[in-house]
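To start, the structure itself, in structure tokens.
The values are calculated or read from the model by the stated rules, or taken from the named source; none is laboratory data. What you see is a predicted model, and the numbers here were worked out from it, not measured in a lab. Quick reminder, even Gly has a Cβ in these numbers, built from the backbone with ideal geometry, and neighbours come from all protein chains shown.
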Amino acid sequence: MGRRQPNRRPTIYPGSDGLYHCWVSVGRKPDGRLDRRHIKRKTASQVVDAVDDLLRRTRQAGGVAPTKVETVEQWLAHWLEHIVRPRRRRKTYEAYRPIVHLHLIPNIGRWRLDGTRNRLEPEHLDEMYAKLRRGKQRGGAGLSASYIRQIHAVLRVSLKTAVRRGKAARNVCDLVDPPASGGRHIASYAIGDAQAILRAALDDPLAARWLVGLLLGPRQGETLGLRWPDVDLASDEPGFWLRKQLQRQAWRHGCENPVACAAPHCRTKPCGPSWEHGCQDSADCKGNPRWCPARRQRSCRIHTATRGCPPLCRPGCTRHALHCPDRFDGGLVEVELKSEKSKRRVPLEALVAEALRRWREEQMRAFDARGARWDDRGLVFTTPSGKPIDPRRDHEAWEQLLVRAGVPDGRLHAARHTAASLLIATGTRIEVVQELLGHTDIRVTRGYVDVAEQLKREAVTRIADALFAGDLAKLLQPNRATDRT
């Protein structure tokens with residue numbers, strides 16, 4: 001190759017090491033210095049291809065020169081620890097971590113984000129999702145469709161950040177169809193069941209809590225994290241602000257040796273066989289209760305029969321931070337809401353405002369009775385001692401409320417769906433429902449709404465009346481003479 005290169009093409013020259021070299025200017029660094037990249041290959045044509053690829057990726061990244069081509073594993077590890085962990089909620093990081101380390105990195109971690117060789121392609125994602133659906137072994141149970149969709153969502157968010165930072169020229173997740181969710185839809189309660197729940201809630205000590213959940217639709221953590229300074233009951237337009245939410249988080253070790261601290265509490269032995277002898281002489285059954293013709297299933301005395309016994313702890317386990325004497329950052333804590341859109345003001349109906357006033361009076365009487373023993377955190381819904389209500393205990397109280405109302409058992413989150421459906425049934429625009437529920441995307445709000453059967457029947461009737469009005473409707477009427485014969 002000669003010295004003279006085409007216009008706007010950097011010089012390519014052979015080096016003493018037997019390779020061809022080229023220096024490419026791709027802009028300037030943050031401090032203002034010229035950003036030059038060194039490319040070397042075995043042949044000059046390979047250098048030309050590498051230079052063209054670098055300039056192409058620079059243009060696609062908006063003039064920002066991409067750094068060294070990374071593998072998917074390197075990017076996901078950096079994204080999880082340096083972007084998700086410091087900027088997102090702790091529960092979000094704890095939910096993303098097993099997805100990244102157990103599913104994404106083992107399956108597609110060795111592919112490169114960008115480049116001309118070994119690049120991550122849409123076909124690799126199709127193969128990964130099919131493998132996750134099948135399971136590790138033939139005939140084994142694979143992952144659920146909803147969890148595979150979560151894996152796809154996490155990968156899509158991470159690659160979106162990689163494209164924005166110039167690490168990749170495209171988001172491969174946008175080139176494939178997302179896996180079918182297959183998730184179970186949380187149906188809202190029918191109008192009759194909702195009325196039965198409200199009647200039973202009026203006689204409950206926590207009537208205000210249930211009225212807020214059923215009529216206004218905040219999340220459970222938002223309701224339990226509501227504070228009195230954010231509640232306005234004195235003005236002509238009462239309401240409250242949702243700014244925080246209450247969550248139970250796992251404890252962290254504060255000791256110097258978490259492995260030694262967790263060792264006394266680790267599960268190293270199974271709870272025992274799941275069958276027991278039902279015969280008179282166990283010696284006739286070869287000593288194994290599984291082969292006993294009259295065997296009986298035995299449940300563990302510690303763990304429930306439905307969930308089963310937890311797996312054994314691995315060597316070097318650092319869990320069981322609940323028993324650490326120096327534990328920190330756990331228990332019931334107040335955290336930020338899911339998004340800025342979730343921070344909103346919710347107006348109060350007169351019935352709900354009156355229920356909150358009565359609850360405030362009951363709380364003040366409990367405060368006067370306990371005095372210094374009252375745990376004053378300013379929360380609206382508390383235990384008789386002033387402490388926050390545990391979400392698990394709150395759900396148990398909800399199940400007891402359903403039993404008193406004579407309504408089939410259901411999740412507490414169904415109350416949020418019920419509030420959205422009731423708002424739509426009363427003629428509220430879906431944009432207003434979106435603001436009340438604190439959704440960023442209106443498509444999420446549509447998934448919360450179950451249109452009542454009565455409203456659908458009325459809509460069909462209106463269409464029929466409009467189409468078959470006038471003489472056309474007479475033609476469809478039954479023939480009276482024919483009916484008499």
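See the values below:
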{"item": "Residue list for region 387-409, restricted to those being small (Gly, Ala, Ser) and over 15 Å from Pro205 (Cβ atoms)", "result": "Ala405, Gly406"}
{"item": "Arg404 being within 16 Å of Leu226 (Cα to Cα), in contact (Cβ under 8 Å) with a residue 60 or more places away in the chain and of a type in the set (Lys, Arg)", "result": "no"}
{"item": "Some residue of region 372-379 being in a helix (DSSP H, G or I) and surrounded by fewer than 17 Cβ atoms within 10 Å (Cβ to Cβ)", "result": "yes"}
{"item": "Every residue from region 330-371 that is in contact with a Pro (Cβ under 7 Å, 6 or more places away or on another chain), at pLDDT below 90 and in a helix (DSSP H, G or I)", "result": "Ala366"}
{"item": "Test: residue in region 427-437 that is at pLDDT below 85, assigned by TED's automatic domain parsing to the domain that holds Gln220 and within 40 Å of the chain's Cα centre (by Cα)", "result": "yes"}
{"item": "Hits in region 24-35 (condition: hydrophobic (A, V, I, L, M, F, W, C) and surrounded by 13 or more Cβ atoms within 10 Å (Cβ to Cβ))", "result": "Val24, Val26"}
{"item": "Qualifying residue in region 288-308 (condition: surrounded by 12 or more Cβ atoms within 10 Å (Cβ to Cβ) and modelled with pLDDT of 80 or more)", "result": "no"}
{"item": "Evaluation of Ser274 against (1) modelled with pLDDT under 80; (2) touching a strand residue (DSSP E or B) at 6+ places or on another chain (Cβ under 7 Å); (3) of a type outside the set (D, E, K, R); (4) exposed (fewer than 12 other Cβ atoms within 10 Å of the Cβ) (one fails), failing number", "result": "(4)"}
{"item": "Of the criteria (1) surrounded by 20 or more Cβ atoms within 10 Å (Cβ to Cβ); (2) over 20 Å from the mean Cα position of the chain (by Cα), which one Leu206 fails", "result": "(1)"}
{"item": "Candidate set: region 100-125, residues that are at pLDDT 90 or above and surrounded by 20 or more Cβ atoms within 10 Å (Cβ to Cβ); chosen: the one farthest from Arg252 (Cα to Cα)", "result": "Leu120"}
{"item": "Meets criteria (within 27 Å of Glu334 (Cβ to Cβ) and touching a residue at least 60 places away in the same chain (Cβ under 8 Å)) for Ala420", "result": "yes"}
{"item": "Members of region 382-397 found to be crowded, with 19+ Cβ neighbours inside 10 Å and touching a residue at least 60 places away in the same chain (Cβ under 8 Å), listed by number", "result": "Pro388, Ile389, Asp394"}
{"item": "Contacts under 9 angstrom Cβ, first residue in region 245-265 being under 28 Å from Leu337 (Cβ atoms) and in contact (Cβ under 8 Å) with a residue 40 or more places away in the chain, partner aliphatic (A, V, I, L, M) and loosely packed, with under 14 Cβ neighbours inside 10 Å, 6 or more apart", "result": "Ala250/Leu322; Trp251/Leu322"}
{"item": "The listed residue being assigned by TED's automatic domain parsing to the domain that holds Ala355 and closer than 13 Å to Leu351 by Cα, out of Leu233, Leu224", "result": "Leu233"}
{"item": "Any chance Glu362 is among the charged types (D, E, K, R) and under 24 Å from the mean Cα position of the chain (by Cα)", "result": "no"}
{"item": "Test result for Val407, surrounded by fewer than 15 Cβ atoms within 10 Å (Cβ to Cβ) and either more than 25 Å from Ala234 (Cα to Cα) or of a type in the set (Ser, Thr, Tyr) (or both)", "result": "no"}
{"item": "Filtered residues of region 147-177 (kept if of a type outside the set (A, V, I, L, M, F, W, C) and under 13 Å from Ile99 (Cα atoms))", "result": "Tyr147, Arg149, Gln150, His152, Arg156, Ser158"}
{"item": "Neighbours by Cβ (under 7 Å, 6+ apart or cross-chain): first from region 83-107, assigned to a helix (DSSP H, G or I); second surrounded by 15 or more Cβ atoms within 10 Å (Cβ to Cβ) and aromatic (Phe, Trp, Tyr)", "result": "Val84/Tyr93; Val84/Tyr96; Arg85/Tyr93"}
{"item": "Subset of region 401-447 (residues that are of a type in the set (A, V, I, L, M), under 21 Å from Ala208 (Cβ atoms) and assigned to a helix (DSSP H, G or I))", "result": "Leu401, Leu402, Val403, Ala405, Ala414, Ala415, Ala419, Ala420, Leu422, Leu423, Leu436, Leu437"}
